[in-house]
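What follows is a single structure, written as structure tokens, with notes after it.
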Amino acid sequence: MAAVPSGQTVPVLVLKEGATRTTGRDARRANIFAAKVIAETLSSSLGPRGMDKLLVDSFGNATITGDGATILKEMEVQHPAAKMLVEVAKAQDDEVGDGTTTVVVLAGKLLESAEELLDGEIHPTIITEGYEKAMIEAVKHVDSIAEKVDPTDKEVLAKIAKTALSSKVVAEFKEHLSKLIVDAALQVMEKKDGKYELDLDNIKIEKKRGESLEESTLVKGIVLDKEVVHPAMPKRVENAKIALIDAPLEVEKPEWTAKINVTDPEQLKMFLDQEAEILRKKVERIRESGANVVFCQKGIDDLAQYYLAKAGILAVRRVKKSDMEKLARATGARIVTRVEDISPDALGSAELVEERKVADEKMVFVEGCPNPKAVTILLRGGAEHIVDEAERAVHDALSVVRNVIREPKIVAGGGAVEIELALKLREFSKTLPSKEQLAVQKYAEALENIAAILAQNAGLEPVDVIAELKKLHAEGKKWAGVNAFTGKVEDMMEAGVIEPASVKKQVLKSATEAAIMILRIDDIIAAAPPKEEKKEGKEGKGPSF
């Protein structure tokens, strides 16, 4: 091995060939820029006057929505820093179900403010510490200004639902939809250890194209997107006694491979008769229990269908597990795993089980349950896009209603909270060391920007609106906000624009954590993408494009 001449260094390859590395300020700039682009994309969708996005995926399927989480999910974001904001929106959606647009816009504004401080040679650690302190102070303050409410108050819950629906495509139908949502929530909520709890799994949302959104209904029972299995079965059963079976109504096949040698046609007939007898006994067992409606999670054999129809029993097969659980909660039935275990006390009841045609498709309605702890909202709409967006809107509205039932504290909407927090954070910043002060002030500025975007989307002049809001909040009017419908600054609590305090707190926490995480990155090491092998056609190499 030849010696290396003195004065020359040996090249050391640490990273794989083709890997790229961006460090320091350049890395931060790239990340902040990516996050800002995502935030700017969503900012025009913020608030009741926000615009909607038309998203077309690689298969050409279109989605029209103003829901932040849906926009980000459908956008197929590539940049890793931007992906973090997508994750934040998803976490916000999973946790509280609303505020997804706000959380991404606020994270983007926090990073934009941080960029100005970085240009002023302030160390990222100082900025992140300032942001952390500002967030803790802001969350505390949301708790202190929030007003307590009765979680069973229909009027408050309706206002909460209407506020959530105001920023959706289906806003013009918010009166009707909010009534369905509140009635559904109050029907299925339960009291546990002195606290109210609402499990959204107990509210089923079924959607069918046709009619209009005003024809959407609440069914105090369960609607199944299934049809009765046999044409000879009754399509309507009153005073239904319902059996829920998690077992196939079929002849069970042996677990091991079995061979039967038949030497005589009589033997084959005996074998088939025996199978028929097994199925007849199963159906007889169901009939003896008093059941006149059967919902089966597994399959129902053709012969079993015939026997059930003969006995006048309405049957539905291959019902989803989640729907079986909802049926059990609605009708009071017990799910049995063996037909032999069926007894009269395992049956549930309903005033009516009926197969109906909805938009050219058959559905089974289970209505008039004695005390249904699971209900169904059946959404209608003129087009597929409308019912899809209505489903997303109803999910968000149900989520905010659940949040208030869980933690009965409310705050006003319309940017009132953000301006109030900005005012308090500016006061709080005076108690901190000089450079952290700047970070907390920039945090306050980012919060003010949320109210400015709401005003801008409503076609107002943001500078004038923010100036007026600051003046009113300084005078102690903590609920002064932007009413996007009237175009005026007014008391949003009186205007009925209210939101759960828990959503605001989650927005502050999630947005701050995302901004801090992105600010702490000072090195991006990206592996080389896998090389695509060149494919040669039959004619040899074709032209490269």
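No lab work stands behind these numbers, since they all come straight from the coordinates. From a predicted model like this one, the values you see are computed outputs, not experimental measurements. Virtual Cβ from ideal backbone geometry, glycine too; neighbours counted across all protein chains shown.
Roughly what angle does helix 124-145 make with the longest principal axis of the chain, taking Cα atoms, 0 to 90 degrees, to the nearest 10?
Rounded to the nearest ten degrees, it is 60.
Go through 364-370, 172-178, 499-505 and give me the packing order, highest mean Cβ count within 10 Å leading. Walk me through the numbers on the way to the answer.
Details: 364-370: 20.4, 172-178: 18.7, 499-505: 25.7.
For the peptides 364-370, 172-178, 499-505, the packing ranking is 499-505, 364-370, 172-178.
What does the extension gain come out to for Glu197 and Lys298, with contour length at 0.36 nm per residue minus their alpha carbon separation?
Values: separation 101, 0.36 × 101 = 36.36 nm, distance 3.19 nm.
So the chain would gain 33.2 nm between Glu197 and Lys298.
What FRET efficiency comes out for Leu268 versus Asp183 if R0 is 60 angstrom and r is the Cβ-Cβ distance? Round to the nearest 0.05. The partial results should precede the final answer.
Details: r = 58 Å, r/R0 = 0.97.
For R0 = 60 Å, the calculated efficiency reads 0.55.
Report, in deg cm²/dmol and to the nearest 500, the calculated mean residue ellipticity at 222 nm for the chain, where each DSSP H run with n ≥ 4 adds -39500 (n - 2.57) and the sum is divided by the residue count.
One gets -15500 deg cm²/dmol as the mean residue ellipticity at 222 nm.
How far apart, in nm, are two points set 7 Å out from the Cα along the Cα-to-Cβ line at Lys253 and at Asp153?
Taking the two extended label points, one gets 6.1 nm.
Helix 501-519: angle to the longest alpha-carbon principal axis of the chain, degrees 0 to 90, nearest 10?
For helix 501-519, the angle is close to 60 degrees.
What relative contact order, as a whole-number percentage, does the chain give when Cα pairs under 8 Å and 6 or more residues apart are counted?
On the way: 1005 pairs, mean separation 137.7, N = 545.
Computed over the chain, the figure is 25 percent.
Per 20 Å bin from zero, what fraction in whole % of the C-alpha pairs of the chain is there, up to the bin with the longest pair?
For the chain, the pair-distance distribution reads 18, 38, 28, 14, 2, 0.
Tell me, what is the FRET efficiency for Met51 and Glu288 to the nearest 0.05, using R0 = 56 angstrom and their Cβ-Cβ distance as r? Kindly include the intermediate steps, with their values, before the conclusion.
Working: r = 62 Å, r/R0 = 1.11.
Taking R0 as 56 Å, the efficiency between Met51 and Glu288 is 0.35.
Using r as the Cβ-Cβ distance of Arg29 and Asp464, and R0 as 35 Å, what FRET efficiency do you calculate, to the nearest 0.05?
Working: r = 33 Å, r/R0 = 0.94.
Approximately 0.60, to the nearest 0.05.
Suppose every Lys and Arg Cβ carries +1 and every Asp and Glu Cβ carries -1, with no other charges. What dipole size does the chain come out with about its Cα centre, to the nearest 20 debye?
Working: 79 positive and 92 negative charges, 92 e Å.
For the chain, the charge dipole is close to 440 debye.
If the only charges are +1 at each Lys and Arg Cβ and -1 at each Asp and Glu Cβ, what is the size of the charge dipole of segment 224-370 around the Cα centre, to the nearest 20 debye? Show your work: numbers first, answer last.
Numbers: 25 positive and 27 negative charges, 57 e Å.
That gives segment 224-370 a dipole magnitude of about 280 debye.
Subtract the Cα-Cα distance of Ser144 and Gln437 from 0.36 nm times their separation in residues, and report this length gain in nm to one decimal. Before the final figure, lay out the partial values.
Values: separation 293, 0.36 × 293 = 105.48 nm, distance 2.25 nm.
Value of the extension gain: 103.2 nm.
Rank Met189, His141, Leu118 by how far each Cα sits towards the positive end of the charge dipole of the chain (+1 on Lys, Arg Cβ; -1 on Asp, Glu Cβ) and give me just the farthest.
Most positive-ward Cα: Met189.
Using Cα centres only, tell me the gap between segment 114-170 and segment 274-353 in whole Å.
51 Å
Given Cα pairs under 8 Å that are at least 6 residues apart, what percent is the relative contact order of segment 224-370?
Values: 280 pairs, mean separation 57.2, N = 147.
It comes to 39 percent, rounded to a whole number.
Between the helical axis of 416-429 and the dominant principal axis of the chain, each derived from Cα atoms, what acute angle in degrees is found, rounded to the nearest 10?
Approximately 40 degrees, to the nearest 10.
State the extension gain, in nm to one decimal, for the chain segment bounded by Lys281 and Lys362, taking 0.36 nm per residue of separation less the distance between their alpha-carbons.
Here the answer is 26.2 nm.
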